[in-house]
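Note sheet for the following structure.
The values are calculated or read from the model by the stated rules, or taken from the named source; none is laboratory data. Please read all numbers here as calculations on a predicted model, not as lab measurements. Note: ideal-geometry Cβ built from the backbone for every residue, glycine included; neighbour counts use all protein chains shown. In case anyone asks, the SASA skips ligands and DNA or RNA and just uses the protein heavy atoms, side chains included. Shrake-Rupley method; radii C 1.70, N 1.55, O 1.52, S 1.80 Å.
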Amino acid sequence: MQLRNIGIFAHVDAGKTTLSEQLLRHAGVIREAGSVDSGTTRTDNLPVERRRGISVKASCVRFTWRNTMVHLIDTPGHVDFSAEVERSLWALDAAVLVVCAREGVQPQTEVLFEALKRQQIPTLLFLNKTDREGADVQRTLAQIRHRLTENAVLADDADALTEAVCASDDELLERYLEGESFSPDFLKERLQLLVHNGELFPAYAGSALKDQGVEALLNAIVDLLPPPEKGQKLSGVAFATQQDRMLGRGVWVRIYGGRLENREAITLPAGRDPATGEERFVEKKITQIRDVEGGDAGTLEAGGIAIVYGLGDVRIGHVFGEKDLLPRRVEPGSLRTPLITVKVEPEKPEQMNDLRIACEALSAEDPLLQAHYARRLNELQLHVMGAVQLEILQEELETRFNLKAQFSKPTVLFRETIAQSCEGFVAYTMPKPCWAVMNFLIEPGPRGSGVSFKSVTPGREIMDCYQNQVVQALPLALKQGRLGWPVTDIRITLLGGSHHQYHTHPLDFIVATPMGIQDGLRRGGSVLLEPILHVRFLLPPECVGRVMSDVAAMRGEVLETLTDDDRAILTALIPVQTSLDYASTLASLSSGRGAMSVRLHGYQECPLELGATAPRRGVDPLDTAKYILAARNALEGGIFDDI
């Protein structure tokens with residue numbers, strides 16, 4: 001039997017889950033398509049999803065169509081759950097992107113298409129809700145060609161499809177223009193190749209709710225989308241987790257090559273050795289492999305997707321086998337990164353430890369949450385996307401962990417950088433035994449460049465193994481700058497220094513690096529950076545003036561204003577800090593007829609009086625005596641913990 005691994009993606013409310021239900025009904029998996037409004041859909045299986053009518057977690061189901069087994073991953077559409085979409089990209093060979101034929105291409109649609117294109121994932125388009133008043137297939141197709149790709153074509157327009165296929169090859173186009181006709185099999189073969197290569201994007205119009213165009217899409221999934229390539233050497237990735245009452249924590253795994261079997265021993269990373277800095281490993285045995293439907297599969301073959309139990313707390317994104325054989329890697333936060341943080345407090349103070357454990361479990365499922373407990377402040381913090389995610393987290397803590405929790409008012413996650421080039425110095429030579437001397441050059445980098453490091457120090461001054469420890473310690477050193485925020489957009493050069501043949505302890509350079517870096521940051525001065533959103537408003541014409549005024553009041557900048565039939569489209573750049581609650585303001589002033597969608601534009605300088613500093617969670621490395629004492633006391637557990 002042939003196999004397809006596909007995902008369905010869409011902007012929120014485009015009808016993606018309803019389409020998934022119709023695909024399952026056509027394939028005979030369910031008798032009737034479930035309803036999002038009534039909470040009866042197959043892919044929204046969490047209680048909170050059924051109650052709220054939105055997808056929170058990506059879910060995988062399977063069906064068979066024309067002797068082809070299809071693994072279908074239904075992803076959330078709301079931007080607050082973009083992390084689920086990112087992880088789904090690891091598992092796919094192809095995709096269906098749903099676009100609402102009434103609302104057209106939304107900013108989140110653009111983000112999703114760009115991600116699919118960047119990962120070279122063959123994609124079909126489904127123009128949904130053609131039964132709705134105001135739907136316009138041709139207008140939507142024009143938007144797709146303008147904002148997403150010029151290579152989109154309606155699949156039911158035989159002439160346009162033939163012309164698009166022939167236009168991909170000069171010789172073929174010449175034959176077509178001379179009047180030569182081509183057989184359906186020839187055109188289908190060429191179309192399939194173009195789709196596989198990401199050079200053409202057939203669009204299927206219809207209505208999932210009214211079951212229009214669904215069967216044509218099903219046939220296209222089988223005929224046009226590629227089967228998985230199957231390698232011989234083991235290569236796979238963990239892309240999601242789930243809990244089972246009997247088996248414990250399970251990991252969703254996609255295997256690209258080789259195979260996994262029940263009772264097989266798997267080597268997993270177990271952190272770095274505190275003495276040498278070398279990666280440590282532990283061996284775990286697979287206790288059970290379950291297929292997508294929850295049955296005991298016994299093995300997971302190349303090209304397949306299954307749930308693997310017995311691997312403990314293996315993290316999302318872990319690679320099994322050969323990393324270089326993976327067709328793609330999706331970095332966390334590539335679609336959208338959390339821009340706000342909240343403090344989480346238990347209903348009863350004595351439940352703080354239980355709450356910490358629960359939040360760490362949620363963070364293992366979604367690494368972008370970055371659950372962090374600051375012992376010195378007795379504070380638990382989470383990084384979150386928005387208000388909807390907070391509501392879901394609160395429900396999950398109560399229903400899954402029996403914990404009632406309160407969230408503080410959201411705080412924007414600022415960043416900081418250095419104001420001017422400078423040098424940072426550290427001489428960690430007391431109290432003995434210790435010796436780590438380093439001199440760093442720290443320079444400002446372009447916006448969005450992140451952190452780069454290089455060394456011009458010869459090994460005779462600082463041994464290579466100690467220089468590796470410097471690299472290992474940089475995340476700790478840059479976790480909080482002088483303003484308390486993560487440091488970015490800098491270039492760091494290790495200019496020189498020394499180790500000592502007798503006095504240098506294996507961890508001295510890990511302890512000393514934050515001291516040297518923070519010394520440089522103090523000398524160079526700090527610049528506060530705030531996140532800026534690219535916002536797209538859909539407005540009744542009479543609201544445009546008010547919204548433009550509000551954008552200016554929020555320290556924003558209007559980029560463009562367009563009129564589209566009975567509504568206006570306004571795009572702007574607005575700081576996150578001033579726009580946290582604007583969605584509710586917009587709903588009120590537009591009587592519910594206005595909408596806004598956002599994506600991160602980047603970071604820009606912000607005057608300190610308009611921003612905020614953050615309290616230091618651990619001991620300041622420039623408070624040398626306390627820091628050295630705290631670091632030495634924490635060495636056994638690893639100083640990458642909050643000290």
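Annotation: aspartates and glutamates with alpha-carbon distance below 14 angstrom to Lys284 (same-chain offsets under eight excluded): Glu261, Glu264, Asp313.
At Leu559 and Gln120, where each label point lies 7 Å from the Cα along Cα→Cβ, what is the point-to-point distance in nanometres? Taking the simple label geometry, Leu559 and Gln120 are separated by 2.8 nm.
Equivalent ellipsoid of the chain: semi-axes from √(5λ) of the C-alpha gyration tensor, largest first, are 45, 31, 26 Å.
So what's the stretch 330-390 giving for Cα Rg divided by 2.2 N^0.38 Å, two decimals? Against the empirical 2.2 N^0.38 Å value, I get 1.16 for the stretch 330-390. Sorting Arg66, Arg254, Arg328 by accessible area puts them as Arg66, Arg328, Arg254; the probe is 1.4 Å, largest comes first, and only protein heavy atoms count.
Residue separation of Val471 and Gln370 scaled by 0.36 nm, minus their Cα-Cα distance, works out to 34.2 nm of gained length.
With a Förster radius of 22 Å applied to the C-beta separation of Ser408 and Glu609, the computed FRET efficiency comes to 0.50. Answer with one residue from Gly459, Val388, Ile121: the one whose Cα lies farthest towards the positive end of the charge dipole of the chain, charges on Cβ with Lys, Arg +1 and Asp, Glu -1. In the chain, that residue is Gly459. Extending 7 Å from the Cα toward the beta-carbon at both Ala216 and Met430 defines two label points whose distance is 8.2 nm. For the stretch 522-564, the equivalent ellipsoid derived from the Cα gyration tensor has semi-axes of 33, 11, 7 Å, listed largest first.
Helical runs assigned H by DSSP (4 residues or longer) give the chain a calculated mean residue ellipticity at 222 nm of -8500 deg cm²/dmol, each run adding -39500 (n - 2.57) before division by the residue total. Largest first, the residues Thr513, Thr561 sort by 1.4 Å accessible area into Thr561, Thr513. Relative to the longest principal axis of the Cα atoms of the chain, helix 107-118 runs at roughly 80 degrees. Annotation: extensible slack from Arg66 through Arg139 equals 23.0 nm (criterion: 0.36 nm per residue apart, minus Cα-Cα distance).
A Förster radius of 25 Å combined with the Cβ-Cβ distance from Lys233 to Glu283 puts the calculated FRET efficiency at roughly 0.80. Computed over protein heavy atoms with a 1.4 Å probe, the accessible surface of the chain works out to 45 Å² per residue. Of all DSSP beta bridges confined to the chain, the antiparallel ones make up roughly 75%. Straight-line reach from Lys454: taking Cα to Cα under 13 Å and skipping same-chain neighbours fewer than 8 places apart, the aspartates and glutamates in range are Glu443, Asp464.
Helix 137-147 against the longest principal axis of the chain: what's the angle in degrees, Cα atoms only, rounded to the nearest 10? Taking Cα atoms only, the helix is inclined about 30 degrees. You can think of it this way: the chain between Ala387 and Glu171 has 72.3 nm of extra reach, that is 0.36 nm per residue less the Cα-Cα gap. Counting only protein chain heavy atoms and rolling a 1.4 Å probe, the accessible areas of His534, His601, His505 rank, largest first, as His601, His505, His534. Rolling a 1.4 Å probe across all protein chains gives Trp90 an accessible area of roughly 10 Å².
On the basis of the beta-carbon distance and an R0 of 45 Å, Ala270 and Ser591 show a calculated FRET efficiency of 0.20. For the chain, carbon and sulfur atoms together expose 47% of the accessible surface, with a 1.4 angstrom probe and every protein chain in place. Against the chain, whose longest principal axis comes from its Cα atoms, helix 352-365 is set at around 50 degrees.
For a test of the definition: using alpha carbon positions, the gyration tensor, and the 1.5 limit on a/c, classify the stretch 177-267 as rounded, prolate or oblate. Because a/c hits 1.5 or more and a/b fails to exceed b/c, the stretch 177-267 counts as oblate. Which lysines have a Cα less than 21 Å from the Cα of Lys285, not counting those fewer than 8 places away in the same chain? By straight Cα distance, Lys285 reaches Lys233, Lys323. Pairs with C-alpha atoms separated by more than 18 Å, drawn from the list Lys57/Lys210; Lys16/Lys129; Lys129/Lys210; Lys16/Lys210; Lys348/Lys404, are Lys57/Lys210.
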